[in-house]
1. Filter region A:94-122 for residues that are part of a strand (DSSP E or B) and touching a residue at least 40 places away in the same chain (Cβ under 8 Å) and give the result.
2. List the residue pairs whose Cβ atoms are under 7 Å apart, where the first residue sits in region A:310-336 and is at pLDDT below 95, the second is surrounded by fewer than 21 Cβ atoms within 10 Å (Cβ to Cβ) and in a helix (DSSP H, G or I), and the two are 6 or more positions apart or on different chains.
3. Quick one: is B:ALA244 under 25 Å from A:GLY262 (Cα atoms), modelled with pLDDT of 95 or more and surrounded by fewer than 24 Cβ atoms within 10 Å (Cβ to Cβ)?
4. Just one of (1) buried (at least 24 other Cβ atoms within 10 Å of the Cβ); (2) within 15 Å of the chain's Cα centre (by Cα) trips up A:GLY169, so point out which.
5. Among strands (runs of 3 or more DSSP E) lying entirely in region A:217-336, which contain 1 or more residues that are within 14 Å of another protein chain (Cβ to nearest Cβ) and of a type in the set (Asp, Glu)?
6. With the requirement that a residue be over 19 Å from the mean Cα position of the chain (by Cα) and under 22 Å from A:LYS116 (Cα atoms), what does region A:298-333 give you?
7. Can you find a residue that is among the β-branched types (Val, Ile, Thr), modelled with pLDDT under 85 and buried (at least 21 other Cβ atoms within 10 Å of the Cβ) anywhere in region A:256-269?
8. Taking B:TYR103 as meeting all but one of (1) more than 14 Å from chain A (Cβ to nearest Cβ); (2) under 19 Å from the mean Cα position of the chain (by Cα); (3) buried (at least 21 other Cβ atoms within 10 Å of the Cβ), write down the number of the exception.
Protein chains: 2
Amino acid sequence: MQSKTNRQWILSRRPEGDIKDGDLVLKESPIPKPGEGEVLVRTTYLSLDPTNRIWMSDMDQYMDPVNVGDAMRGVSSGEVVESRSAAFKPGDKVMTLGSWSDYYTAPAAALQHAPKLPGLDFRDIFGIFYLVGPTAYFGLVDIGAPKIGETLVVSTAAGAVGSIVGQLGKALGCRVVGIAGGRDKCAWITGELGFDAAIDYKSENVAAALKKHCPAGIDVYFDNVGGDILDAVIGQMNLFGRVAECGLISMYNATGIVHGPGNYPRILMKRLKIQGFIVIDYMARYPEAFRALYALYQQGKLKWKLHEVQGLENADKAVRLLYTGGNTGKLLVKVS
Amino acid sequence: MQSKTNRQWILSRRPEGDIKDGDLVLKESPIPKPGEGEVLVRTTYLSLDPTNRIWMSDMDQYMDPVNVGDAMRGVSSGEVVESRSAAFKPGDKVMTLGSWSDYYTAPAAALQHAPKLPGLDFRDIFGIFYLVGPTAYFGLVDIGAPKIGETLVVSTAAGAVGSIVGQLGKALGCRVVGIAGGRDKCAWITGELGFDAAIDYKSENVAAALKKHCPAGIDVYFDNVGGDILDAVIGQMNLFGRVAECGLISMYNATGIVHGPGNYPRILMKRLKIQGFIVIDYMARYPEAFRALYALYQQGKLKWKLHEVQGLENADKAVRLLYTGGNTGKLLVKVS
C-alpha cells in the first residue's frame, strides 16, 4: 500500500479574493521519516472547512497563517504507519490538525485517537464528531444559551455545522429557522431535519422572510456568514438576544475593510451579546459534546450528510465549493 | 415656596444632528394635581445624561422616545409636596424618571426613596449613586468581569460614569487607561483618581497611545463612545477580551447609518464578547452597587465631581455640554 513518494498541496501564493488555480500547487517529495517521539501517518480523509480560507490569508487570525511555500494545513484523519512513540502503534486510527498530504509526521502529543462511538463509521466520527459537532454544540449551548420556547436562527443551515446547530436547537425546545441557499437545501432542513422554517437567501428577501418566520422575534443567532444577513438578523433580535459568532464566510474572500453590523446601536438598545468563539478553545470539554451528540444520534434526532470528493489531487478545486455553497453536507476528501 | 405655575421643557421637534435652539421650548402651565395613588413632586435636581439625546430622537431605542409636544423626560430628584399614596408623605426626598419641569405628578410605584448613605449629601447620593454608580458598577463587574492584572480601558474617562469605572477597575486590581478630551481631564484622572495612564483623544493618536500605555494588550473595554475609538480599542484587544457597551455618544447625533467596528472579524479571531447593557435592567440589584460604591467611598477610593448648572431655564443649553465634552463631572441642574 505504501508508495515511495508523498504528495503535498503547497500554498504557493496568498489568494486574492476567490481561490484560483495556482494559489495551491501539488508537489511530490519523499515520504518523511518520524523523529524520536513522532509518528508517521498516512492520511485517510482530509476535512475541508471554511476556515481554510483564513489560514491561506495573512489577515489577523486565531492561529498563525500558513506560510507561503509550506504545505497547506488541514484537519485530517489517518492511520499510523510508523511510530516512535509508546502512545501509538501502526494501524491506530488518529485525527489531528495535519496537512493536505498523503503522509505527514507529527509529535505524538499532537495526535488524538478517534473517540469510540459504537455503530458509527470512522468517516462519520471524523467528519461530524471531531470538529463540526463540537463547534455546533459549544457555540449554541455555551454562547447562544437558548431557552425553551425561544427562536433560534442559523445561517448556512444546510452546511455541516449549521445543520447540527438546528437539530440541537430543536432538541432544546426552540423554534428553529434556517437560512440556506437554494430550494433543495431548504427542503432538506425542513423535511428531513425538522427545522420549523427555511429561508432561501438566493431567492428571498431575508429580512422579510425572517419577519414572517420569526413572529416573536429572534433570541439566538448562530452566525456562520456575517455581512448583510447578520444585519438583517440583528435588526429583528429581541431584548437580551445572543449572537454566537462562529464564522464570517461572506467576508473571508473580501479584500477591503469588513464592517460590523450596520445597525450597531441595537446592540446597546436591545442589550445584545455578540461573542466570537473557536472550537479549539473547548478541546478539554469535547467529551461533553460527544456525549450530547451521540445521545441525540441514538434517539434518531441527529442526521447529517457527507460530501466526499475522491483523491487528494482534487482538494484545491473541492475547497472552493465551500464559498459558493456547492457542497451538500460535510466536505471530505478521500485520500487513501 | 410653592409658586402658582409650573414650567416644563417641551420637545417641540426632534433635533437633527446637534441639539439646536427651538428643539426644546420652555412652557408654563398650571401645577398638576395628583390623582388617587399619585404624588406631586417639586424637582430639586435634574440629572442630564448622554441618553437624553436618544430619547429626543425617534431611533430604535430601549424605551419609547419622548413624543413631540410632550415634556422632556429626565432623571430627577425632588421633594414630595402632596401625596395621595400611603407610601410617601410631604417632605420625603424621592428620585425617579421624571421630566424637565418644576413639578410633576407620578404614581407612587414609580418613585424611589433616596438610599440612606450617612455622611453624603443628597445631591451626591442623587448624582452619583442613583444611576451613574450602578451603571459603572454593573457594566464593569457583570459584563467586563475584569481579573486582577488585566488591562481595562474606559472612554469618556473623566465623565460621570467613566471616572467611576476607572476607580472600580483600580480597586479590582487592573491596569486602568482612560481616554478623555483635554489635558485637564487627563491630569485629573491620573493625578486625582489614580488611573495608570490617560490618553487625550483631542491631541493624541488614540491607537498609538493605546499601544504605548497597554503594552500587554487590552482585556476589558468599557465603551461610552463607539465610533473610531471603539475600532482602535478592538484592534488591540487580547484573546477573550470583553467590551461592555454602555454608550455610543459619538453616534447619537449621527444622521446616517452607524456601522459597527471596522475590524469586525477580530471578534471571531480573538473570541471577543461585545455586550450592550442598560442600567435599568439591574434595578433589582442596586443595593449591591450601593454597598460596593459606598464601601469604596469610605475607604477614600471613590471620588467624583459634580457640575451644577443653576436654573431649569438653562437645561436645554446645559445638556449640549455632554456632546461637546464641555462638562466637568456629573451634570446636574439645580431646579429648586
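The values are calculated or read from the model by the stated rules, or taken from the named source; none is laboratory data. Computed from a predicted structure; not experimentally measured. All Cβ positions, even for glycine, are placed from backbone atoms using ideal geometry, and neighbour counts span all protein chains on display.
1. Selection gives A:VAL94, A:THR96, A:GLY98, A:SER99, A:SER101, A:TYR103, A:TYR104, A:THR105, A:ALA106, A:PRO107.
2. Correct list of pairs: A:TYR323/A:ARG53; A:ASN327/A:LEU321.
3. Spelling it out, it is not the case that B:ALA244 is under 25 Å from A:GLY262 (Cα atoms), modelled with pLDDT of 95 or more and surrounded by fewer than 24 Cβ atoms within 10 Å (Cβ to Cβ).
4. Here A:GLY169 meets the rest and fails (2).
5. In region A:217-336, A:218-223, A:237-245 are the strands (runs of 3 or more DSSP E) which contain 1 or more residues that are within 14 Å of another protein chain (Cβ to nearest Cβ) and of a type in the set (Asp, Glu).
6. Matches in region A:298-333: A:GLN298, A:GLN299, A:GLY300, A:LYS301.
7. Within region A:256-269 (the criterion being among the β-branched types (Val, Ile, Thr), modelled with pLDDT under 85 and buried (at least 21 other Cβ atoms within 10 Å of the Cβ)), the answer is no, since none of the residues qualifies.
8. Going through the list (1) more than 14 Å from chain A (Cβ to nearest Cβ); (2) under 19 Å from the mean Cα position of the chain (by Cα); (3) buried (at least 21 other Cβ atoms within 10 Å of the Cβ), B:TYR103 breaks only (2).
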